[in-house]
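Here is the structure we will look at, set down as structure tokens.
The values are calculated or read from the model by the stated rules, or taken from the named source; none is laboratory data. Remember, it's a predicted structure, so these values are computed and weren't measured experimentally. Cβ coordinates were reconstructed from backbone atoms using ideal geometry, including for glycine residues, and neighbour counts include every protein chain displayed.
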Amino acid sequence: MKNTAFYLLLILGFITSGCVRIPNDIQAVSGFKLERYLGSWYEIARLDHSFERGLNNISATYTARDDGGISVINKGFDEGKGVWKEAKGKAYFVARPDIGRLKVSFFGPFYGGYNIIALDKKNYSYSMVCGPDRSYLWILARNMKLEQNILSELIEKAEGLGFKTENLIYVDHN
């Protein structure tokens with residue numbers, strides 16, 4: 001029985017570790033500075049996925065944890081139900097802290113990839129994040145709106161990396 005439990009945990013570990021990867025041929029930003037990334041970000045655009053479906057006014061707040069990780073609070077308004085939804089999680093660096101690759105968890109021991117693939121390194125005013133594959137993409141900004149020329153550049157970059165940018169959902173902040 002002990003061996004069966006061990007092997008199940010081992011298999012589960014292999015399965016869940018695949019969720020923190022970065023898509024092939026995509027690089028996370030280098031020269032990342034966590035202290036500048038902390039704070040509030042607004043979701044400008046995303047590819048559709050079930051855990052944010054139907055939400056607008058989406059924001060994420062990142063704060064430093066005592067254990068070297070990051071506390072994450074994602075919040076969005078479900079207009080259909082007329083309620084705010086909130087998810088609390090934690091994130092840790094996958095490799096070095098100067099590389100924008102993190103693993104984030106909202107559900108116990110299960111982590112997903114949070115890969116920063118574009119970043120305004122001068123002002124930390126916008127970023128583009130992908131998950132473990134090309135079905136997850138977010139464009140974030142410090143303000144509720146992002147200048148159109150910057151948004152267009154990020155979308156062009158995402159398209160060049162193989163993301164289906166024609167399926168982007170643009171988030172209302174009202």
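Candidates Arg46, Arg96, Arg101: the one that is charged (D, E, K, R), under 19 Å from Lys121 (Cα atoms) and under 13 Å from the mean Cα position of the chain (by Cα) is Arg101. Listed by position, the strands (runs of 3 or more DSSP E) enclosed by the stretch 67-174 that each have at least 1 residues that are touching an Asp or Glu at 6+ places or on another chain (Cβ under 6 Å) and over 20 Å from Leu55 (Cα atoms) are 126-130.
Being modelled with pLDDT of 85 or more and either more than 21 Å from Ser71 (Cα to Cα) or hydroxyl-bearing (Ser, Thr, Tyr) (or both): is that true of Asn3 here? No.
Within the stretch 77-99, being under 27 Å from Val29 (Cα atoms) and of a type outside the set (Phe, Trp, Tyr) holds for Ala87, Lys88, Gly89, Lys90, Ala91, Val94, Ala95, Arg96, Pro97, Asp98, Ile99.
Among the residues making up the stretch 126-145, those that are among the aliphatic types (A, V, I, L, M) and either surrounded by 16 or more Cβ atoms within 10 Å (Cβ to Cβ) or free of Cβ contacts under 8 Å to residues at least 60 places away in the same chain (or both) are Met128, Val129, Leu137, Ile139, Leu140, Ala141. Within the stretch 146-159, is even one residue exposed (fewer than 13 other Cβ atoms within 10 Å of the Cβ) and under 21 Å from Ile22 (Cα atoms)? Scanning the stretch 146-159, I find at least one residue that is exposed (fewer than 13 other Cβ atoms within 10 Å of the Cβ) and under 21 Å from Ile22 (Cα atoms), so the answer is yes.
Taken over the stretch 125-174, the criterion of being among the basic types (Lys, Arg) and in contact with a Lys or Arg (Cβ under 8 Å, 6 or more places away or on another chain) is satisfied by Arg134, Lys164.
How do the pairs read when you match residues in the stretch 105-121 that are surrounded by fewer than 22 Cβ atoms within 10 Å (Cβ to Cβ) with residues anywhere that are modelled with pLDDT under 95 and not hydrophobic (A, V, I, L, M, F, W, C), using Cβ under 6 Å and keeping only pairs 6 or more apart or on different chains? So the pair list comes out as Ser105/Tyr111; Phe110/Thr16. Among the criteria (1) over 16 Å from Trp138 (Cα atoms); (2) at pLDDT 95 or above, the one Leu10 does not fulfil is (2). The residue list Ser125, Ser135 contains one member that is modelled with pLDDT of 95 or more and either aromatic (Phe, Trp, Tyr) or touching a helix residue (DSSP H, G or I) at 6+ places or on another chain (Cβ under 9 Å) (or both), which is Ser125. Among the residues of the stretch 72-104, those that are out of contact with any Gly (no Cβ under 9 Å at 6 or more places or on another chain), surrounded by fewer than 13 Cβ atoms within 10 Å (Cβ to Cβ) and not β-branched (Val, Ile, Thr) comprise Gly82, Lys88, Ala95, Arg96.
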